[in-house]
1. Which one, Ser69, Thr234, Ile404, projects farthest toward the positive side of the charge dipole computed for the chain from Cβ point charges (K/R +1, D/E -1)?
2. Using θ = phi - 60° and the Karplus curve 6.51 cos²θ - 1.76 cosθ + 1.60, what whole-Hz ³J(HN,Hα) does each residue of the stretch 273-288 get, with Gly and Pro shown as x?
3. Which lysines does Lys63 reach when only Cα atoms under 18 Å apart count, and residues fewer than 8 places away in its own chain are ignored?
4. Rounded to the nearest 10 Å², what accessible area does His226 show when all protein chains are kept and the probe is 1.4 Å?
5. What is the percent of Cα-Cα separations in the stretch 278-415 that go past 27 Å?
6. For Val40 and Ala210 in the same chain, what is the full-extension length gain: residue separation times 0.36 nm, less their Cα-Cα distance, in nm?
7. Between His174, His380, His300, which gets the highest mean-square fluctuation from a Gaussian network model of the chain, Cα cutoff 10 Å?
8. Which chymotrypsin sites (Phe, Trp or Tyr not before Pro) does the stretch 298-360 hold that lie in a coil by DSSP with at most 12 other beta carbons within 10 Å?
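The values are calculated or read from the model by the stated rules, or taken from the named source; none is laboratory data. Quick caveat, the model's predicted, so the values are computed rather than measured. Neighbour counts run over all protein chains shown; Cβ positions are idealised from the backbone, glycine included. Please note that ligands, DNA and RNA were not included when accessible areas were found on the heavy atoms of the full protein model with its side chains. Shrake-Rupley method; radii C 1.70, N 1.55, O 1.52, S 1.80 Å.
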Amino acid sequence: MSGAVPDVFDPRLYGHGVPHDRYRALRDRHPVARQAEPAVLGWPEGPGFWAVTRHADVVRVLKDAETYSSFLGATQIRDPDPADLPFIRGMMLNQDPPSHGRLRRLVSRAFTPRRVEAFESAVRERAASLLAKALEPDGADTVDLVGTVTDDYALLNLADLLGVPESDRGLMLHWTRRVIGYQDPDEAVEATAATEGGPPVNPRSPSALADMFAYADDLSAHKRAHPADDIMTTLATDPDLTPPERQMFFFLLTVAGNDTVRSAAPGGVALLAGDPSAYERLRSGRAATATAVDELLRRHPPVLTFRRTAARDTTLAGTRIAKGDKVVVFHASANHDERVFPDPFRLDLDRSPNPHVSFGDGPHVCLGAHFARLQLRVLHEELVRAAPELRLAEPPRRLVSNFINGIKELRVVRS
């Protein structure tokens, strides 16, 4: 740490673990703290931002879209290229009310609870099958549950819900890794490779997304010709959606919809493996799985940060924020705020109430939260059946990212 205000920006920190000691220092002494944005991992220096770490302040920012805009500078810490900003603003995630509400209502037509609930039996069969195959004795003492279970589980569930043909599902994981893992040297792929002597390519730029958007157009045309009971059919046949809006929805659902569960699932398993008494309570039925899922999400939120831009001069926790300043909320810090969560580092599978912000808050609260909770509940119900004991073989390998709370490898001991 340097100076009185700890750095919580550097993506490399998160490759070693969520910096909870730094978050605690900020919550206690600098709840709205100025952070530098130095050049790192090939990305250029930025102007800096305000880090918001207390639960009450995080909720205030997320709920007040008039003061803290998603549209002005989009929602990533790094400033987008000014030439790309109009394009990036086309995504629902990067819009403010009322335009955000219009798009959210349109996609909500596809994301119905009835459709989501209808997937439970298929999701359960998939979880049981993946776990049985991963944990069957094959001579190896350990197995990586990310590579054998959770990556495929999240991807295949989402592909079913969207209606992506089986032959194309590998593309979804490729696109997710390209957009989510761009800060991690192990995960970055060709879309973020530096051009000759230039900076890396933003994975959310029009050029980097051209192949995904072309696929979205082709899939939409296929769904109009061959409709089915899936989300892409609903979007493709909605007369109120423009082709660019369909492209952006496909991008948002493919990446955000996949990576929410892809990050949360191994995080929850790692927490349970590190707390045998909590795992035994879940396995024996003394802890309700649905309640336990929210506690695991609190302890391991899939998203670490979201950025807003001040639309006017304001004050937050006694700190003056100028119009145009970047304001970044830290979900994992808010979820461990002692002012809201007693004994926040204890894994309390019965914790209630549990007002975590792992799915956000306010107008941008996660549209797919219901589907994510269903998948996580079913996975943990099948996990306790498949694995009477759950032990880590080594510490999880984490994603280098200040955005996604990702686990690249989770090796457990076969029992």
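1. Result: Ser69, furthest along the dipole toward the positive end.
2. With coefficients 6.51, -1.76 and 1.60, one gets 5, x, 9, x, 5, 5, 5, 5, 5, 5, 5, 7, x, 6, 10, 6 Hz.
3. Within reach: Lys323, Lys326.
4. His226 has an accessible surface of roughly 110 Å² with all protein chains in place.
5. Details: 2871 of 9453 pairs.
When every Cα pair of the stretch 278-415 is considered, 30 percent fall beyond 27 Å.
6. Details: separation 170, 0.36 × 170 = 61.20 nm, distance 2.65 nm.
Answer, rounded to one decimal: 58.6 nm.
7. Maximum fluctuation in the GNM of the chain, among the listed residues, is at His174.
8. Details: sites: Phe306, Phe330, Phe345, Phe359; in loops: Phe345, Phe359.
Passing both the DSSP loop test and the Cβ count: Phe345.
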